[in-house]
Each structure stands twice: as structure tokens, then as C-alpha cells.
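The values are calculated or read from the model by the stated rules, or taken from the named source; none is laboratory data. All figures in this text were calculated on a predicted structure; none of them were measured in a lab. With ideal geometry, Cβ positions are generated from the backbone for all residues, glycine too; neighbour counts draw on all protein chains shown.
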Amino acid sequence: MALTLKLNGATHTVDAEPGTPLLWVIRDELKMTGTKFGCGVASCGACTVHLDGEPVRSCQTFIEDVEGAEITTIEAIGEDKIGAAVQQAWAELDVVQCGYCQSGQVMSAVGLLAENPKPSADEIDAYMEGNACRCATYQRIRKGVQRASEILEA
Amino acid sequence: MTINTSRRGFLKGAAATAAVLLVGARPDGAIAAAGAETTQLNPFVKIDANGTVTAIVKHFEKGQGPATGLPTLIAEEIGLRMDQIEYEFAPSNPQVYNNLFFGPFQGTGGSTAMANSWQQYRTAGAAAREMLISAAAKDWGVAASELTIEEGMVKGAGKTAPIGDFVAMAATMDAPEAPRLKDPSEFKLIGNEGVRRKDTVIKSNGQAMFAMDVHLPNQMVAMIARPEARGGVALGFDDSAAKEVKGYIRAAVLPTKAGVVVYAENTWAAIQAREALEVEWDMSGAETRNSDEIRNEIMAALDAAPEYNVNKADMAAVASAVDGAAKVVEKTFYFPLLAHAPMEPLNCTIEQTAEGKIVLHDGAQMPTGPHMAFQQIFQLPPEMIEIRTMLAGGSFGRRATPDADYQVEAGLAFVMTDRSRPVKLVWTREDDIRGGYYRPAFGHKVRVGLDEAGNIAGWEHRVAGQSIMKGTAFESFSVHDGVDHSSIEGIAESPYSIPTQSLGLTDTKKATSVLWWRSVGHTHTAYAMEVMMDLAAKAAGRDPVEFRLAYLDESNPEAARKAGVLKLAAEKAGWGKAGAGRTQGVAVHKSFGSYVAEVVEVSGSPEDGIVIENVTCAVDCGIAVNPDVVRAQMEGGIGYGIGHAMRDQITLSDGAVDQTNFPDYEPLRIGDIKAIDVHIVPSAEAPTGVGEPGTPPSAPALANAIAAISDVQVAELPMAENGVSFA
């Protein structure tokens, strides 16, 4: 069935059955590959996108539930002030290793800073708990969020 | 896939006739240069007429840093800033792009990317520098000795010009036979803390292209329906329910009968159709063992006479030295099967070009493996097979199997079609956790005898487990006199000078498919060695750091380097000065040519939850080419080791893997380790490994810290299943 999606400020008409995870519409239909498939069960966070500004796991978000919502993916998060600060911090600290989880890490970090501009280390750990990184770049993710917070404060 | 429309891609097509300088090696290893792309030469560096320099990186990038490290070597020798060099991954060519430590085989493993490229890539860069300078000297009519290249500019004799001005002339020259490599005192980039990774930006904004991101026009997605236990045989299938799935195309039994391929228009359709497919399996030849049986077999082997006397010690004499000692410390260890679980599930895409070439798009860790396998599958000569290496979302060893398992699956899935549509094979996380190749289960039984003065009088060490290398194409590399070195590495060649030591090994029967896993044998040998050193120190009433140092004879360079990292880690961690309610544990281990010591500080209790407060690490890996990458690899290696030791294991019930996905194979999470602090020992030695060496000492250091706070000495992993809870 045809559905209309508002994604990164543009409107897309896609053909997908109800029950299709948003992840696969973004990746396979729209060919926007920054949003990653990691586990399919909302356990790793690699597929994190924003729905009306809130981070959600797109592998467990179904296409029929997102009509009318503003969807933002990693490809556009840099246009957001917080997103740009997180990306700058990630570059300064060379947070990434393999990088496969980092789209999701960045999307969650932006979600955290939007609701808590100056999170403590414990608050970062609690919020970012659902974003797995098998390379274990966690030290730098924690510092990266703190650094982005500083950039935004300046 | 998204076509890369970068300037580089454009120039490659549009300006194919413009001057370009290529410097690399001939198949015989000699340095060679060319002025045009030719089959006679595969370059390590390419410089075009507008001065764009590209390093051709022969190792894949899974996060460990060669896409930064190898360009650093070239840029250093030519005289460039890091923003003046780009990278692309080398094509598959085992004659030229081979790992120099692997023979005629291209691949990444054993933490060797930098170690084997160090001279080779610097030499190519130095040759390019000398050629550009010779060309400039000729053009300007001055002596070459008057000229240098700095930040991409040829300078000297009162003149300055960009290197691109001399590419055309340099491209007509012969490569120097033995270009002068820069002295470390001249290094501007190697060892420079300011050098940043080349791939951070694209990995933070969604632009990075992993193999999973390949979308070729008209491609199909293939998934394999697999039996519950390995060895099941597909007899046939009923796809009437699968046909109800929109986007389902068809299914076919693999020629190997190891599974059924489901072809679909997209990934979600493939997932659903595979779920709906009914497969008839013959499970009569499938694995049936439980993990308890594997464990029992290993434990029984530890109590019997070992199959191999690894170090040819007089075993009876060692046993009696231990028996006759004033004190005996004894421990039996068990290490479970472990999955690699890289973040990007396995996948690759195959297409056939109009010319009949087979092209594989893959995060290829060992391109030579699928390259050879595809010659068989497609009955084609090697030049008709092309491998395009993509970024890889982690590996930890999993993308390198001796039988090129997932690439062969994809090849078989493709060869069963009419080849008019590309086929992308995708594994789900469940495929990865359940159908994988595992770190083999191992057991160690160690008895250490101490004399009256608290010195080691005898060390009897037995190891039992399934060999990784036997029966594979890599057997001859690792197996000598029946002993698979990867089963006992880290004990046999330990720099500790332990007197009266025996080392026995017994291979246990094939239990499941096994594979190297970040740091291979060191994953268990370091644990057994370093926990025993702590137990022996405790029994002797001595400090664990001081006790270890007593067995590191610093007149031996290896022992001196091991002692060096141990002392540095102890100093930086404030050894012996843990905060209130905290304890420390230490471990030190040499692997892949590098020396790493780690001090873990914990609080809490095994009953109410252990908190890992911090980890202090000291590493000696020779010259740290990119120090911040070295630090990142230590951080990651520590996390990988500790995460699995805390709570991960793969278990089998009737031959089937019990775990399915991250909820029951729980990764390390951000809150599990509060801080990691890495210190690099300054060194003038050639670079050695960093991808793996951070892992081995991490788990034993944690175990020793927990033993210090609680008297719970964990000898069987994972810790969470053996008496330790984590906060």
C-alpha cells in the first residue's frame, strides 16, 4: 500500500505493507543507508532515528504508525544545532572505530542533549545504555557527549 | 549502491589519459613505478596531475585503523599533510597486496596490518618522493639534494611548486631501487597525536558505505534457512506460505544441502519469507552434543596424560617438583564458546558484469579466500573475479574464515540464478549468533609449587580444547609436531622465566565450528597464566606486581619490555593505593609482538554487584604510528575482553545454539566500565600489533581485582554465571 512519509523535511510516497519496520523502508525503499540494521529486536540501537524529535528504534517502529510524523535520520541530523555539535565532538575525539553503530549513537546523543543539555557521566550512561558498540568506543562516546554539551554552551 | 561522485571518481574516468604517477611493487617485491594504470603494476600510492595523492590500502578497515595508518606512512615519506592524502581499498591480488606475514595471501589478521606494511608503504612513499624531487630538479636545473617536499610542495633553490607540477615527468622515470626512508627524527606525522582518523566524519554522518549498504540496480536479497543444528541436510521445502509474502521471489536448496536460499525483492521480504518457509530437514547427521558434554570431555582430558608435551619438559620431574613443594596452588579453568557478533551482520553482494566478470562487494578481511573459492564456483580464471572491499562493521576474526563461509554461500546463491540480477546475501543477528563460528571452549589445569621462600619450584600446566587450525588451509602455519600453536600461545613463549615448567596439550573432538576470536589462544592462556601468577603471589605472601617482576629477567629484551609496561601501568594506576572500598587487580601479557599491562580497579561485592571503576593500561607496541588509534584499540580490546568475561557464552542443547540475539548474548554496555586510561611506552622498535593485544590481560586483571575484594576467584567464565554479579 502507498504511504506518505515526512522524512528529513521532504515528503516521500512509499509502497510498503502494514507491519513493515520503518528501518527497511528507509534503507531498502528510500536507499538511505546511514540508519543501520544491527539486531532487528530493538536491542542494539544501530537503527535509531528521530520521530518528532524523539529517538526511536526504527526496527521496531512500524510504517503505519509514523504517517504524519516528522522523521529525522542521521543524514540530516547535522542540520540541527545539537546534531552538528555532536558530530563536531565525534570528530575532535575520533570516537568511531568500525563505525557501524555510530549513526545510532549520534542520534541517541542528540536526543539526550535535547532533553538534558548538561548530562552527568551517570546520566549519559543511563540514556545511552541501549546503544551497543561492539568495538567498545564507550569511553569516547561519554566524552563526546560531554564535549558536545560544552560546544553548545559556548 | 549510491555512486560515489567524488572528484577522485570523476577524474579517474574523465582524465584517464592525464598524467598519473603510480608507485608500488611488482609481484617479485621490487619497487616499481608507472605512468598509467597497467596490469604490470599494482600501486600502493597514486598521484595525479593535480596533486591528489591516494594511498591504496591493502588491509580492510574494521575500525582498527589501517585506512588512517597506511596513508600516514605514505604521507610521511612523501612530505604531505594528512588532509592531502586520500585512501581507497586495494583490489584482490595475492601477489602484490598480500600480507607479507601470510605468504601469497591477501588478508588482515593477527594484528599485522601495520607491522607488515611498515617498511613496504614507507618505501613506496619514499620512492614517490625521490621521483618527484628528481623531476623537479631536472625541470629547475638544480641538484636533487637541494630539494625537499613539505606539505605537498617541492621546495628549494629559491623555488616552490606543488608536487602535481612534476607528476608527468616523474611518471616517465624508473623507480629508485632503494629509496632513503626518513629517520624517525624527521617524522612529522608518525607518532603525532594530532593526526585524526580519515574515516570519522563519514562514520558520524551516515555517509560511510559498508557492504550492508550496497544497493545495486535490480538486486535481489538472499537469506538462508538453516537447520537448528549444524550438519542438518535440507531435503526439500514447502513455500506456499512464503508465496503470500509480498516481494518473495523463490527458494532453492543450496547445492551443499546445508540450507535453503530464499530470494526476495528486499530485506524485509526475505526475513518474512524465510520465516514462512517450511523446510524438511534430515537431522540424522547433525550435531547432537550439549555444551555440558563438551565441558565434560575437556575436564576429563585435563585429568589424563596430555596428548602433546609442548615444551618437551620432563613431565614426571615437573610433577614431582610440584608435589614436593612446600605449598601447592592448583586451579582448573573453563572458558566457554564465544561468538564474535560484529555490529554489522555478515553480508556481501555478487553481480556479473556484461563482460562476464564476477564482482563481489564485501567487507573482505581475506580477499584471497573468496577469490580462490569463486574460481571453483564460477569456473573462471582469477582475472575474471573482482573483489571490491567495503568498510566492515567490525569482525573480531569472524569475517576471515578458512572456508570463506559466507562468501561461498553468496556465490552458491548467485550461481543458482540466471545471474541477470545481483544477489545480496544478508545474515540476520540470529544467523550470526546461532550459525557462527566460535571461539572454542578450552580448559586449563594448572598446579604451581612454591618453595619455602615463596619462589616457584614447579609449574605444571595442561590445556585441552578443540584446535582452530587443524583441518584448515592454515594448518601448516600454526601446527607443528601435532601441536596447534594457537591452542597454547601465550604460555609456551611467555617472557616469564618460570623454572621447571611443563606444558601439556590435548586436542578434544570437534564440537562445533571454531574460529580465531580477537586474540585467539591468548583469550584463555593469558587468563590462566595471570590468575595463577596472582594466586602464587598470594600464597607466597608477596605483592602481585613485585612477584611478577621477579620472573621478568630484564637482561632479556622481551622480559624487559614486559616489565616496562607492568611498571608503567602500576605507576599510572597508583598500584597499592586503591581508594576506600576499592581493590585493584593486575595482569600483563605479550601477544602479537606487543606488551600490555592492565590494572583494573573495582568496588562493590560479587553478591551485591561489582562496579568496574577504572582500567589503567600500558602498551608497548614499538613505534605508535597513530598514537590515538593505538589508544582506541586498547580501549576497545579491554571492553571486548571484559564484556565477554562478565556475561557471555554460547551454549548448545542437542547441537543447537541456545542464544539467539543480543538480549541473550548481551554486549558490553556503556555503563559497564566507568573509565579507561591508556599509556603508550615510547619506543624506537618497529611497530607491532594493537588490534588484539589489549584484550588478553583485561579479563584476568578484572578477576584478580574481584578476588582481592571478595576472595571469589573466578576460574570459569562467564563471571555472571559463576558467582559474580555486576552492578
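Does residue A:136 meet the test of being more than 7 Å from chain B (Cβ to nearest Cβ) and either surrounded by fewer than 20 Cβ atoms within 10 Å (Cβ to Cβ) or within 30 Å of residue B:430 (Cα to Cα) (or both)? Spell out the reasoning first.
Details: more than 7 Å from chain B (Cβ to nearest Cβ): no; either surrounded by fewer than 20 Cβ atoms within 10 Å (Cβ to Cβ) or within 30 Å of residue B:430 (Cα to Cα) (or both): yes.
When the stated conditions are applied, residue A:136 does not pass them.
Selection over the stretch A:75-103 of residues that are at the interface with chain B (Cβ under 9 Å from one of its Cβ atoms), out of contact with any Ser or Thr (no Cβ under 6 Å at 6 or more places or on another chain), within 18 Å of residue A:150 (Cα to Cα) and charged (D, E, K, R) gives a count of 1. Taken over the stretch B:104-141, the criterion of being at pLDDT 95 or above, in contact with a helix residue (DSSP H, G or I) (Cβ under 8 Å, 6 or more places away or on another chain) and not in a helix (DSSP H, G or I) is satisfied by B:106, B:107, B:108.
Can you tell me which residues in the stretch B:207-237 are within 10 Å of chain A (Cβ to nearest Cβ) and either within 25 Å of the chain's Cα centre (by Cα) or over 29 Å from residue B:430 (Cβ atoms) (or both)? Selection gives B:207, B:208, B:209, B:210, B:212, B:213, B:214. Of all residues in the stretch B:373-400, those satisfying the criterion of being away from chain A (no Cβ under 14 Å) and part of a loop (DSSP other than H, G, I, E, B) are B:379, B:380, B:381, B:400. It is to be established whether one or more residues within the stretch B:238-260 are surrounded by fewer than 17 Cβ atoms within 10 Å (Cβ to Cβ), within 36 Å of the chain's Cα centre (by Cα), among the β-branched types (Val, Ile, Thr) and at pLDDT below 95. Scanning the stretch B:238-260 turns up no residue that is surrounded by fewer than 17 Cβ atoms within 10 Å (Cβ to Cβ), within 36 Å of the chain's Cα centre (by Cα), among the β-branched types (Val, Ile, Thr) and at pLDDT below 95.
Cβ separations smaller than 6 Å between residues 6+ apart or across chains give the following pairs from the stretch B:366-391 residues that are touching a residue at least 40 places away in the same chain (Cβ under 8 Å) to residues that are of a type in the set (Phe, Trp, Tyr): B:368/B:105; B:385/B:374; B:389/B:60; B:389/B:89; B:390/B:210; B:391/B:210. With respect to the conditions (1) surrounded by fewer than 18 Cβ atoms within 10 Å (Cβ to Cβ); (2) within 10 Å of chain B (Cβ to nearest Cβ); (3) on the phi < 0 side of the Ramachandran plot, residue A:19 lacks only one, and its number is (3). For the stretch B:631-673, a tally of residues being under 21 Å from residue B:520 (Cβ atoms), touching a residue at least 60 places away in the same chain (Cβ under 8 Å) and assigned to a loop (DSSP other than H, G, I, E, B) returns 4.
Among residues of the stretch A:123-132 being facing another protein chain (nearest Cβ under 8 Å) and assigned to a helix (DSSP H, G or I), the one that is farthest from residue B:628 (Cα to Cα) is A:126.
Quick one: count up the residues across the stretch A:41-56 that are surrounded by 24 or more Cβ atoms within 10 Å (Cβ to Cβ) and either facing chain B (nearest Cβ under 7 Å) or of a type in the set (Asp, Glu) (or both).
Looking only at the stretch A:41-56, we keep the residues that are surrounded by 24 or more Cβ atoms within 10 Å (Cβ to Cβ), and these are A:44-50.
Pick out the ones that are also either facing chain B (nearest Cβ under 7 Å) or of a type in the set (Asp, Glu) (or both) and you get A:44, A:46.
Residues meeting the conditions: 2.
Determine whether the stretch A:61-70 contains at least one residue that is facing chain B (nearest Cβ under 7 Å), among the aliphatic types (A, V, I, L, M), touching a Ser or Thr at 6+ places or on another chain (Cβ under 9 Å) and surrounded by 18 or more Cβ atoms within 10 Å (Cβ to Cβ).
From the stretch A:61-70, those facing chain B (nearest Cβ under 7 Å) are none; that's our starting set.
For the stretch A:61-70, residues facing chain B (nearest Cβ under 7 Å), among the aliphatic types (A, V, I, L, M), touching a Ser or Thr at 6+ places or on another chain (Cβ under 9 Å) and surrounded by 18 or more Cβ atoms within 10 Å (Cβ to Cβ): absent.
Counting the residues of the stretch B:554-574 that are without any contact (Cβ under 8 Å) to a residue 60 or more places away in the chain, over 12 Å from residue B:679 (Cα atoms) and in contact with a Ser or Thr (Cβ under 9 Å, 6 or more places away or on another chain) gives 1.
For the stretch B:263-288, give me each residue that is acidic (Asp, Glu) and either within 14 Å of chain A (Cβ to nearest Cβ) or in contact (Cβ under 8 Å) with a residue 60 or more places away in the chain (or both). Selection gives B:265, B:275, B:287. Of the helices (runs of 4 or more DSSP H) lying entirely inside the stretch B:518-622, the ones with 3 or more residues being farther than 23 Å from residue B:445 by Cβ are found at B:544-549, B:557-573.
Residues in the stretch B:180-206 that are of a type in the set (S, T, N, Q) and within 7 Å of chain A (Cβ to nearest Cβ): B:200, B:204, B:205. Tell me yes or no: at least one residue of the stretch B:684-692 is closer than 30 Å to residue B:293 by Cβ and away from every other protein chain (no Cβ under 14 Å). No, the stretch B:684-692 has no match at all.
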